[in-house]
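No value in this document is a laboratory result; all are computed from the given coordinates. Since the model is a prediction, treat every value here as computed from it, not as a measurement. So basically every Cβ, Gly included, is an ideal-geometry build from the backbone, and we count neighbours across all protein chains shown.
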Amino acid sequence: MKFLIVDDSATMRRIVVNSLQRIGFKDFEEAGNGAEALAKFNASIDFVITDWNMPNLGGLDLVKALRARPDGKGVPILMITTRSVKEDILQAAQAGVNNYIVKPFTPQVLKEKIDQILGATQGAG
Amino acid sequence: MTQDRWNRRELLKDSEATLREVAGILLELWDNQSPASEAPAHPDPAKGNGKARHLLDLVGLLMATYREIRAVLERIREGRHLLQQAAVERVRRTHEKLAEVTATTELAATDMLDGLERALALLDRLVPREDVGPGQEPDTASLVEELREELHRLVILLQFQDITAQQLAYAAGVLSEVEERLDCLSKVFDLQQLESPEWGAGGAQGSGSGFSFDPGASSLNAEERQALADRIFTGAGKGGEA
């Protein structure tokens, strides 16, 4: 399974990659903002993990853009962000985010959300 | 030209001219009321009648007022200088310091990540994960796994850098807004320019200097905030809270 990890913080991208490696995943692509992620997104990406606040297309706009693309409609998207206001979380859900993690996260929560999304999408498929 | 700017121009620039005009009218009044042959070019208060004395008193009063206004304007000029020196520049320096802190913590976090990843890799080389199992001494196996967990926990803790960077970006945004407003305030006092200050519409809204941030970023109550997200996403699936 190949992950596309989108975050403008290089430290955060490394932390997420490190945590995914601990869970057992090995294939990653990274992007520093939404525009870069859209350019890198292709059929080989199985899962997108994105931050919200980023320059050059934020996470919410990235999710909307992906959901508008035929090849991005069904890709699982997990948002990891500091934004924790109810209205923001609702906005993310409405945009098409499959699940939501508030920073700082724990590896347990990351694993739990990925399992939930994969379980739901496999169940739906 | 805005009404606001016009008002300042009226208030500050025309005060001297207005006072001089009033004094001129009063002197003209004096000239008109005295027969041309009797009226001296510059009335002598000691010799004039009561009305003339009052008019000259008024001229004197107006000139004194004018001098006071000049003194006040001078104080305003000094105040503007102090405002620029003490506030605007200090705020700018604080802003620069915040940017420096962000860069330093990012560098430190990257170095720590490098070190932790090297330590984890060394641990993997010393005792590969597949070797930690039934064949190993139970104590060694659990200790190695515990050490891996501990190192990974430290990796996870470095999330503080991202959260701190956003908090600092927010503080820097607030400072930029204060700096901009103080600068505009000092321009209001600038009697030479009398420019209309353009109050900044930006500020700490969530972006600036090409860096996007969450003004509410926090490390506190992470579990509570995650629980809210969980309720919404569970509800979204069941048509509940969302």
Return the FRET efficiency for the residue pair A:Ala10, A:Asn42: r is the Cβ-Cβ distance, R0 is 35 Å, and the value is rounded to the nearest 0.05. 0.95
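Please compute the net charge surrounding B:Thr102, taking Lys and Arg as +1 and Asp and Glu as -1 over other residues with Cβ under 13 Å from its Cβ.
Neighbourhood net charge equals -4.
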Connecting every pair of Cα atoms under 10 Å apart in chain A and solving the GNM, the largest mean-square fluctuation among A:Ala35, A:Ala93, A:Ala43 falls on A:Ala43
Quick one: net charge around A:Ser84, please, counting Lys, Arg +1 and Asp, Glu -1 for every other residue with C-beta under 10 Å from its C-beta. +1
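Past 31 Å, Cα to Cα: identify those pairs from A:Lys40/B:Lys97; A:Lys103/B:Lys187; A:Lys64/A:Lys111; A:Lys64/A:Lys103; A:Lys26/A:Lys103, in the order given.
Working: A:Lys40/B:Lys97 36 Å; A:Lys103/B:Lys187 42 Å; A:Lys64/A:Lys111 24 Å; A:Lys64/A:Lys103 22 Å; A:Lys26/A:Lys103 23 Å.
From A:Lys40/B:Lys97; A:Lys103/B:Lys187; A:Lys64/A:Lys111; A:Lys64/A:Lys103; A:Lys26/A:Lys103, over 31 Å: A:Lys40/B:Lys97; A:Lys103/B:Lys187.
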Based on alpha-carbon atoms only, what is the radius of gyration of segment A:2-114 relative to the globular estimate 2.2 N^0.38 Å? 0.95
Contour minus end-to-end for B:Leu29 and B:Leu220, with contour as 0.36 nm per residue of separation and end-to-end as the Cα-Cα distance? 61.1 nm
A:Val75: net charge of surrounding residues, Cβ under 10 Å, Lys/Arg +1, Asp/Glu -1, itself excluded? +1
Give the residue list of GluC sites (Glu not before Pro) in segment B:50-101 that are DSSP loop and have at most 16 other beta-carbon atoms within 10 angstrom. none
Please compute the average number of Cβ atoms from other chains found within 10 Å of each residue's Cβ in peptide A:10-19. 6
Could you work out, residue by residue across B:149-160, how many beta carbons of other chains sit within 10 Å of that residue's beta carbon, and then give the average as an integer? 4
